[in-house]
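Everything on this sheet refers to the single structure shown next.
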Amino acid sequence: VVGKTYNIASIPADGIGPEVIEAGITALNALTDTLQTFKLNFKNYDWSSETYKKTGKYIPDGGLEELKKHDAIFFGAVGAPDVPDHISLWGLRLAICQPFQQYANVRPTRVFRGTESPLRNCKDGDLDWVIIRENSEGEYAGQGGRSHAGKPWEVATEVSIFSRHGVERIMRFAFETAQKRPRKLLTVVTKSNAQRNGMVLWDEVAKAVAVDFPDVTVDKMLVDAMTTRMVLKPESLDTIVATNLHADILSDLAASLAGSIGIAPTSNLDPTREYPSMFEPIHGSAFDITGMGISNPVATFWTAAEMLAWLGEEEASKKLLECVENVCEQGVLTRDLGGKATTKEVTEAVVAEIKKLE
Ligand code: NAI
Ligand code: MG
């Protein structure tokens, strides 16, 4: 019996975005066809740097209102060689994340069966992390300005904003995430030695929120030392919370330590569920490999699994991820993971695994 129907807005956007989103939708459709326990109804939005170049806008008038009607957003990547990155990022991705208050950016990373960490001493199970990134303010709050354009005395400011409200809600979310994982270990990352205002507030709020989570072990790291610990002692980490900028950088490091940036997913969540949340692979539009048919769809498959879990379809989510990991273990891997398979071959192998669920 088919249960709920979820309405999903897909925004493939730029570069390899359309290739991986197509692969993701193929896998999701195979999954719902096979399981017959729920339905997904996709609506595609062709918002991209191409539409920006034609119309001057990434999101057409009324676009956000349209998006709001969906249960989730399945996003590819935005960025084109002939549009400045800050225009594309703020024009599409942040233009959705910010008004929709997707303040929690969740980035799980682990080494899949059949893939390898570039770390020589990383054993099975050593690297299994979730990075919680503050996604609404901090260094990417958009505060600042430029004066005296082009003059030798030109100045620019990029002001970080840390509000008690913003820090507290992400901290609570991070503690809840840590509490749900077996190790119940949360590492709070700051730079509160050099950044003595916002980062000190961050430390204080972490300490206050910790009182409500007595079963979670908390530990503190400065962001520079954190990079070393991730590389040298991956097994000592589990759930990690950091600011918008710090976690952005740490999560790319995490993805590559797990084998490739082509694996890792990211969820932009509105934990209040007032607005739809947005799910995307962590990687960008990768124009160096666009159209070659070799982009790794695994990050998008994992993204799809994260989306299903958020929608409440946890069983289906686990099954999908299991199928993807089986395919990795079979050695059907794209070039970034040291294999030779194409996007299509990996997708077909995952669909074949899904069909075995019947
Ligand atoms: P990128 O993630 O697009 O690419 C970095 C490297 O990883 C490239 O060599 C690429 O070929 C490889 N790579 C990425 N995804 C892959 C996949 N699925 N399979 C195999 N290899 C993969 O980052 P880059 O080059 O810094 O940025 C390119 C564009 O993407 C820029 O315009 C940037 O602003 C944008 N971008 C957008 C993001 C988003 O939409 N959320 C996130 C990151 C970057
Ligand atoms: Mg990034």
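Numbers below:
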quantity	calculated
Residue ranges of strands (runs of 3 or more DSSP E) in the range 169-251 with at least 1 members more than 16 Å from ligand 2 (Cβ to nearest atom) and more than 22 Å from the chain's Cα centre (by Cα)	217-222
Residues located in the range 323-344, provided they are part of a helix (DSSP H, G or I) and farther than 21 Å from Leu257 by Cα	Cys323, Thr343, Lys344
Only one of Lys43, Lys53, Lys68 that is at pLDDT 95 or above and over 23 Å from the mean Cα position of the chain (by Cα)	Lys53
Test: residue in the range 237-245 that is out of contact with any helix residue (DSSP H, G or I) (no Cβ under 7 Å at 6 or more places or on another chain) and within 11 Å of ligand 1 (Cβ to nearest atom)	no
Condition check for Ala210: touching a residue at least 24 places away in the same chain (Cβ under 8 Å), small (Gly, Ala, Ser) and closer than 21 Å to Asp270 by Cα	no
Helices (runs of 4 or more DSSP H) completely within the range 46-145 that count 1 or more residues being closer than 29 Å to Lys191 by Cβ	85-88, 94-97
Residues within the range 1-39 that are under 17 Å from His70 (Cα atoms), within 22 Å of the chain's Cα centre (by Cα) and away from ligand 1 (no atom under 16 Å from the Cβ), tallied	4
Residue among Gly293, Gly262, Gly284 that is in contact (Cβ under 8 Å) with a residue 40 or more places away in the chain, in a loop (DSSP other than H, G, I, E, B), buried (at least 24 other Cβ atoms within 10 Å of the Cβ) and within 16 Å of ligand 1 (Cβ to nearest atom)	Gly262
All positions within the range 63-87 that are touching a Ser or Thr at 6+ places or on another chain (Cβ under 9 Å), more than 26 Å from Asn7 (Cβ to Cβ) and either within 16 Å of ligand 2 (Cβ to nearest atom) or not assigned by TED's automatic domain parsing to the domain that holds Thr290 (or both)	Gly79
Residue within the range 309-323 that is of a type outside the set (S, T, N, Q), within 16 Å of ligand 1 (Cβ to nearest atom), buried (at least 20 other Cβ atoms within 10 Å of the Cβ) and at negative phi present	no
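The values are calculated or read from the model by the stated rules, or taken from the named source; none is laboratory data. Since the model is a prediction, treat every value here as computed from it, not as a measurement. We place every Cβ from the backbone using ideal geometry, glycine too, and count neighbours over all the protein chains shown.
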